[in-house]
1. From T125, T80, grab the single residue that is touching a residue at least 40 places away in the same chain (Cβ under 8 Å) and not small (G, A, S).
2. Hey, could you check region 1-20 for residues that are out of contact with any Asp or Glu (no Cβ under 7 Å at 6 or more places or on another chain) and in a loop (DSSP other than H, G, I, E, B) and say which is surrounded by the fewest Cβ atoms within 10 Å (Cβ to Cβ)?
3. Keeping to region 134-173, report how many residues are basic (K, R) and in a loop (DSSP other than H, G, I, E, B).
4. G100 - would you say it is under 19 Å from G161 (Cβ atoms), exposed (fewer than 15 other Cβ atoms within 10 Å of the Cβ) and modelled with pLDDT under 95?
5. Quick one: how many residues across region 29-51 are assigned to a strand (DSSP E or B), touching a helix residue (DSSP H, G or I) at 6+ places or on another chain (Cβ under 8 Å) and farther than 13 Å from A73 by Cα?
Amino acid sequence: MSRIGKKPVPVPAGVTVNVAGSNVSVKGPKGELKFVLTDRVLAKMEQGGVKVDPRDKSKLSRSAWGMSRTMIANMIRGVTQGYSKSLEINGVGYRAAVQGKVLSLALGYSHDINYPIPEGIDIKTPKPTEIQISGIDKQRVGQVAAEIREFRGPEPYKGKGVKYAGEYIFRKEGKKK
């Protein structure tokens, strides 16, 4: 039994949730998000919240139950507070800058990397070695952060590259004579 799935998702003031069959749409002060539930779960509005229940007792239904409840909770948090990720850039000459709708990265290659900023994502560079990614969709914010990190991931010898803020990079000792 899903312990997370049993709890109804509270809907705060200023947020409207529409449940129409397997389509769930959430509208709040920061925007609107939609999610399509699997056929294995059933969502319904109750007093001040959204309740998700499995349609049957199968293992697939029970596994989709908690995930569906968490997706709805993440959408509600996204349209009220939003999500953000921070990236740090380490390395001599490594820097980032936002130019219009493009993130320009200098990461030690022979050319700069121009990453087009997706719709619904906001990227800021308060310092040339810091990137802040924010948006209302948790999955898209994490995906954009992962794509930017992938251009030059942190290496274990000198720690150069792009890493998440607060991420620990396991360091290796170099070659000995």
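1. Working: T125 fails: touching a residue at least 40 places away in the same chain (Cβ under 8 Å).
Answer to the check: T80.
2. A13
3. Quick first cut of region 134-173, residues basic (K, R) only: 138, 140, 149, 152, 158, 160, 163, 171-172.
Then drop every residue that is not in a loop (DSSP other than H, G, I, E, B), which leaves 152, 158, 160, 171-172.
Qualifying residue count for the region: 5.
4. Values: under 19 Å from G161 (Cβ atoms): no; exposed (fewer than 15 other Cβ atoms within 10 Å of the Cβ): yes; modelled with pLDDT under 95: yes.
The answer is no for G100.
5. Count: 3.
The values are calculated or read from the model by the stated rules, or taken from the named source; none is laboratory data. What you see is a predicted model, and the numbers here were worked out from it, not measured in a lab. Here the Cβ is made from the backbone with ideal geometry for all residues, glycine too, and neighbour counts use every protein chain on show.
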